[in-house]
Structures are given as structure tokens and as C-alpha cells.
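> Before I ask anything, let me first share the structure, which is written out below as C-alpha cells.
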Amino acid sequence: MRRSQRKRENPDLGILAGRTLFAVQRVLFGAVTGQGHPELRPRHGAVLAYLDEEGSRATDLAAQSGQHKQVIGTLVDELVALGYVERQPDPADRRAKLIVPTAKGLDEMAKSDAAMAGIEAELAATVGEEAYGEFKRVFKRVADGLSARRPE
């Protein structure tokens with residue numbers, strides 16, 4: 001059996017995770033595009049998915065998303081230019097900056113959360129609430145375990 005056929009019939013964790021990520025991004029960004037946010041791209045999710053309504057530090061966004069600080073900085077620059085976020089002084093440390101969503105950013109975040117809830121409800125209806133809940137618990141444990149590993 002050829003490797004490509006074997007990977008299609010019995011995909012490994014990386015392939016399944018990638019397929020899941022890209023499918024979720026396609027559906028999610030399709031939904032928010034249709035709700036007034038056509039300029040956003042999946043890469044912006046590295047900031048918007050982790051951004052707190054009160055603002056977040058870029059270093060925290062980098063740690064949570066697994067992206068380098070430079071990548072987050074570039075994405076924040078793009079989102080500032082698009083009107084989704086702004087940089088403000090951090091009241092806890094005036095030397096630091098917070099990335100704070102604008103009204104447009106808050107609107108996108110609310111629509112994105114609602115779209116994601118819809119995606120999850122649809123999946124739970126497809127496979128069953130209990131099975132989907134167990135899938136998420138196990139998938140979180142796997143993701144947490146891998147995230148805690150140091151490169152060899």
C-alpha cells in the first residue's frame with residue numbers, strides 16, 4: 001500500500017489536527033466574512049482567538065497561540081490598520097502595551113464566538129453530545145500534553 005493511501009485511510013494525529021484546523025477556519029471565517037468582516041484572514045485568529053475584551057499583552061498572545069512575538073507583532077500591526085485593535089498603555093505597567101479590541105474588534109469577537117458555538121453544536125448533534133464532550137476532553141488532554149513538551 002502506498003504511503004499516501006495509508007495516510008488517507010489511517011491519518012495520523014498531525015493530519016487529523018491539520019484537517020480539523022483548516023476546516024474550522026474555513027467555516028468560521030466564512031461566517032464572519034458574511035457578517036461584515038471580509039478583510040480578516042485565518043492568520044488573524046492567532047490574535048483574535050486569544051484576545052481579552054479588556055486587552056492582552058502581545059507576549060501573552062504569543063504564548064497562548066504558539067506563535068513567535070514577531071509574528072504576533074505583524075498581525076497586530078495588520079489588525080490596527082484594519083481597525084480591529086489598538087495599542088494602549090498597560091495600567092499595570094506603563095512601559096508595556098496592551099492590545100485592546102476596538103468596537104469593530106468586539107463585534108468580530110462576538111460574531112466569531114457565536115459562529116464557533118454553532119459549529120460545535122452542529123458537531124455535537126452529528127456525533128452525539130456525550131461523544132463530542134468526550135472528544136473535546138481527550139483532545140484537550142492531548143493538546144495540553146504536547147504543548148507542555150520541550151523540543152528534543
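> Check off (1) out of contact with any helix residue (DSSP H, G or I) (no Cβ under 9 Å at 6 or more places or on another chain); (2) farther than 15 Å from ILE99 by Cβ for ARG57 and give me the number that stays unchecked.
Only one criterion is unmet by ARG57, namely (2).
> Kindly indicate whether ALA121 is of a type outside the set (Asp, Glu) and surrounded by 12 or more Cβ atoms within 10 Å (Cβ to Cβ).
yes
> Which ranges mark the helices (runs of 4 or more DSSP H) fully within the range 67-150 that have 2 or more residues being under 16 Å from the mean Cα position of the chain (by Cα), of a type outside the set (D, E, K, R) and modelled with pLDDT of 95 or more?
Because the criterion is at least 2 residues that are under 16 Å from the mean Cα position of the chain (by Cα), of a type outside the set (D, E, K, R) and modelled with pLDDT of 95 or more, the helices (runs of 4 or more DSSP H) in the range 67-150 that meet it are 69-82, 103-127.
> Could you tell me which residue of the range 105-121 is nearest to GLU54 (Cα to Cα), considering only residues that are free of Cβ contacts under 8 Å to residues at least 24 places away in the same chain and either small (Gly, Ala, Ser) or touching a helix residue (DSSP H, G or I) at 6+ places or on another chain (Cβ under 9 Å) (or both)?
Selected residue: ALA110.
> Okay, next question. Do any helices (runs of 4 or more DSSP H) lying entirely in the range 1-56 carry at least 1 residues that are in contact (Cβ under 8 Å) with a residue 40 or more places away in the chain and closer than 15 Å to LEU75 by Cβ, and which ones are they?
Counting at least 1 such residues, we get 45-48.
> If you don't mind, there's one more thing I want to ask. Could you give every pair whose Cβ atoms fall below 9 Å, whose first residue belongs to the range 84-96 and is in contact (Cβ under 8 Å) with a residue 12 or more places away in the chain and among the polar types (S, T, N, Q), and whose second residue is surrounded by 11 or more Cβ atoms within 10 Å (Cβ to Cβ) and part of a loop (DSSP other than H, G, I, E, B), counting only separations of at least 6 or pairs across chains?
From the range 84-96, the pairs are GLN88/GLY55.
> Within the range 102-109, is there a residue that is hydrophobic (A, V, I, L, M, F, W, C), on the phi < 0 side of the Ramachandran plot and surrounded by fewer than 16 Cβ atoms within 10 Å (Cβ to Cβ)?
Yes, the range 102-109 contains at least one residue that is hydrophobic (A, V, I, L, M, F, W, C), on the phi < 0 side of the Ramachandran plot and surrounded by fewer than 16 Cβ atoms within 10 Å (Cβ to Cβ).
> Also, I was wondering about something else. Consider ALA62 carefully, then state whether it is crowded, with 16+ Cβ neighbours inside 10 Å, under 15 Å from the mean Cα position of the chain (by Cα), assigned to a helix (DSSP H, G or I) and free of Cβ contacts under 8 Å to residues at least 12 places away in the same chain.
Criteria met by ALA62.
> Report, by residue number, each residue of the range 75-95 that is surrounded by 13 or more Cβ atoms within 10 Å (Cβ to Cβ) and over 18 Å from MET109 (Cα atoms).
Answer for the range 75-95, where residues must be surrounded by 13 or more Cβ atoms within 10 Å (Cβ to Cβ) and over 18 Å from MET109 (Cα atoms): just ASP90.
The values are calculated or read from the model by the stated rules, or taken from the named source; none is laboratory data. Please read these numbers as outputs of a predicted model, since none were measured by experiment. We place every Cβ from the backbone using ideal geometry, glycine too, and count neighbours over all the protein chains shown.
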